[in-house]
Amino acid sequence: MSSTQQVLAAGPSTLNRPRRRSWHPHLPGVELTWAIAFIVPYAAVLVAFAIYPLAYGLWMASSPSLYLTLFASDEYRDAVVSTMLYVGIGVNTSLFFALLLSGFFMRRSRWVKAMLVVSMLPWALPAQTGFISFHWMLVYWGFLNSVLEKLFGIYGPDWLSHYWLALGANLVASTWKTMPFWTLILLAGRMAIPQDLYEAADIDGATGFRRFVHLVVPLLANLYLVCTLLSAIWMIGDFNTVDLVSGGAPGSTDVLATLGVEYLFDHGKPELGVAAVMAALPVIVALGILLIRRLQTREVQL
Amino acid sequence: MSTIAADARLATRASSRAHSSERLRRYLRNLGTVVLSAVIVVWTLVPLYNMVLISLEPEGDVFTDHIWPRVPSVESFWGVLTQSHWYLEHFWRQFANSLYIGVMVTFFALLFGTLTSFAIGRMRIRHGWLVTNAALLTYVIPASFLAIPFYRIMQNYGLANNPWSVIAALVAFATPYAIFVFQEYGRSIPIEVDESARIDGASPPQIYLRIYLPLMAPALVAVGTYALLLAWNEYLVSVPAPVLEGEHDGAGGARAVPQQRPVAVELHDGDRDHLRGTAGRDLLRVPPAHDRRLDDGRGQGLTPPPGAPRRALG
């Protein structure tokens, strides 16, 4: 990170703090050699297993005719719509409830701490197991319909054969899986707010909802934004949830990530598969750049 | 006199009213806690309960309409442990694969992560930020976007059918985060520590080994856990590559049971026919249960792969 950015980020109060010193302004020969030697292993991995695959993917998907095929196909348009719905609804639901839940977990009773542990389970357990369980819960003979029938006498629908129900199932499963993580992050953010501020707000008569709106929200705004960006990036690339929960059923809940893999395996068209996901790359890169800038605008919490 | 008494009485009444409203508030608060806790417990545990429920069903009895295990049976668990089902022939080998891949990914992510963050964050090599930013940028590109190019590239590298293809890919995904965390954590260690060591004549590798690594221990544990979980849970990247098993089964062993064969081999052999259409979808559904047996080892693998029941219905 450049020093200007650091200063900008840290704000005026730290302007006259001396610049972080390095070992030496210019590393002497031997040490420079060592430093380069230390970086080389990762740089090799980066080039061979991240930059090269990316370039290879771009090359595979470079033919314009691929995109003409894609944009003309219904399944691709369905996948774009589904991806937008999946990401747009999923990110916001998950983060909004995580924000509220993190407030609940700020309470200091032992009971609430135990609940925190319970609520972390989905995040701690392997994703596939949870998603497969969701899938089996939602199939026609699944647990959900059994419960509906036994307890309420309702005959439930085949959840995964209606577009909105299947999309909803994906969203519920993904929220179930990811919300604990965001709750934890936002809880950490809330805990970083000094107690004095709460006390000051208390003296000024801001409690409960007003304290939340005027104190917590502005202070958590940057963190919340970072989480939103990161969560959006992860959800755009999310393959597991959709693949394992709805599996693309009833034919249109596929998102870009699953559609790409489907093109490869079901249709044997790897180029088309890569093009399907690479078309979303500009969005990812834009979000990524925003995210990196946000991350470097560090210590904004206070 | 009487006015004072009246005042006192008023004050008591007011305070008792305040007291009761306080009590009401506390009551509502507790009620809210109980309701919210109930919601959290149901929301969190229902999918897990369903998992346990299915695993306790006797074999072949999966989609019964029970909502509690009527005849709990550990048959499925026994089946996993003894590899007695065709679907679980290679459970222990697959378990060992997961462990091997997990440990290797953790080791290399930590090694490369600390080395890089040491050179960039402590030694402050010039243009080090280029590496950091490139790392972060690759970190935000989803693995699923690179999966297809990966399959091709691993063949170019001669790593197809080799666990190291999975390890390399996962190290590439895990290390950027490691570098980021190590650099953040490293800021809390004063640079003067390094300087005094240098004055005493320590070389960079010595400083790295004797000062940097010990001081970074908490971050190492955190990132190590992350990398291990990432590797253990990875699914997409390992779909075509979990090739440790099958290869050593002798000729034909792997061929006899298509589901046991890694998808990469299927594709590589060019017999894509049975990968097309729904049958192909189902084959592709096998790997989650197939590669990471422990995760699904709670007996779930004994049931038809997801997707099958849906098709059977109509």
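Remark on residue A:247: its backbone amide H falls under 5 Å from none of the residues 5 or more positions apart or on other chains, H modelled at 1.01 Å from N. Couplings 3J(HN,Hα) for the stretch A:79-90, derived from phi with the Karplus relation 6.51 cos²θ - 1.76 cosθ + 1.60 (θ = phi - 60°), are 5, 5, 4, 4, 4, 5, 5, 4, 6, x, 6, x Hz, where x marks Gly and Pro. Length, then width, then depth: along the principal axes, the Cα atoms of the stretch B:112-249 run 57, 31, 25 Å. Temperature 20 °C, viscosity 1.002 mPa s: under these conditions the Stokes-Einstein estimate for the stretch B:38-166, based on its Kirkwood radius over C-alpha pairs, is 109 µm² per second.
Computed on chain A, with alpha-carbon pairs under 8 angstrom and 6+ residues apart, the relative contact order is 29 percent.
Using a/c under 1.5 as the rounded threshold, could you call chain A rounded, prolate or oblate? The axes a ≥ b ≥ c are square roots of the C-alpha gyration tensor eigenvalues, and prolate needs a/b larger than b/c, oblate otherwise. Cα axes put chain A in the oblate bin.
Computed across the stretch A:235-302, the Kirkwood radius stands at 13.6 Å (inverse of mean 1/r, all Cα pairs). For the stretch A:127-194, the convex hull spanned by the alpha carbon atoms encloses 110 Å³ per residue. The peptide list A:199-212, A:161-174, B:82-95, put in order of mean Cβ contacts within 10 Å with the highest first, becomes A:161-174, B:82-95, A:199-212.
In terms of its C-alpha gyration tensor, the stretch A:71-180 has an oblate overall shape, because the principal axis ratio a/c (a ≥ b ≥ c, square roots of the eigenvalues) is not below 1.5 and a/b does not outweigh b/c. Each other residue within a Cβ distance under 11 Å of residue B:32 adds +1 if Lys or Arg and -1 if Asp or Glu, for a net charge of +4.
Need one value for B:225-233: mean number of C-beta atoms belonging to other chains within 10 Å of its residues' C-beta atoms.
1
Each of B:124, B:70 was scored by other Cβ atoms within 10 Å of its Cβ. Listed from fewest to most, they are B:70, B:124. A simple packing score, the average count of other Cβ atoms within 10 Å per residue, orders the peptides B:148-155, A:62-69, A:279-286 as B:148-155, A:279-286, A:62-69, with the highest score first. The mean number of Cβ atoms from other chains found within 10 Å of a Cβ in peptide B:188-200 is 1, as a whole number.
Across the stretch B:197-213, computed HN-Hα scalar couplings (Karplus, 6.51 cos²θ - 1.76 cosθ + 1.60, θ = phi - 60°) run 5, 5, 4, 6, x, 6, 8, x, x, 5, 4, 4, 6, 9, 10, 5, 4 Hz from first to last residue, x flagging Gly and Pro.
Taken residue by residue and averaged, Cβ atoms of other chains lying within 10 Å of the Cβ of A:263-269 number 6.
Divide, for the stretch A:147-256, the radius of gyration over alpha carbons by 2.2 N^0.38 Å, where N is the residue count.
Its radius of gyration relative to the 2.2 N^0.38 Å reference: 1.53.
Residue-wise HN-Hα couplings along the stretch A:271-284, as the Karplus relation 6.51 cos²θ - 1.76 cosθ + 1.60 with θ = phi - 60° gives them from phi, are 4, 5, x, 5, 4, 4, 7, 5, 4, 8, 4, x, 5, 4 Hz; Gly and Pro carry x.
Each value in this text was obtained by applying a stated rule to the coordinates, not by laboratory testing. In this text the structure is predicted, and so the values were computed from the model without any measurement. Note that each Cβ is placed from the backbone with ideal geometry, even for glycine, and that neighbours are counted across all protein chains shown.
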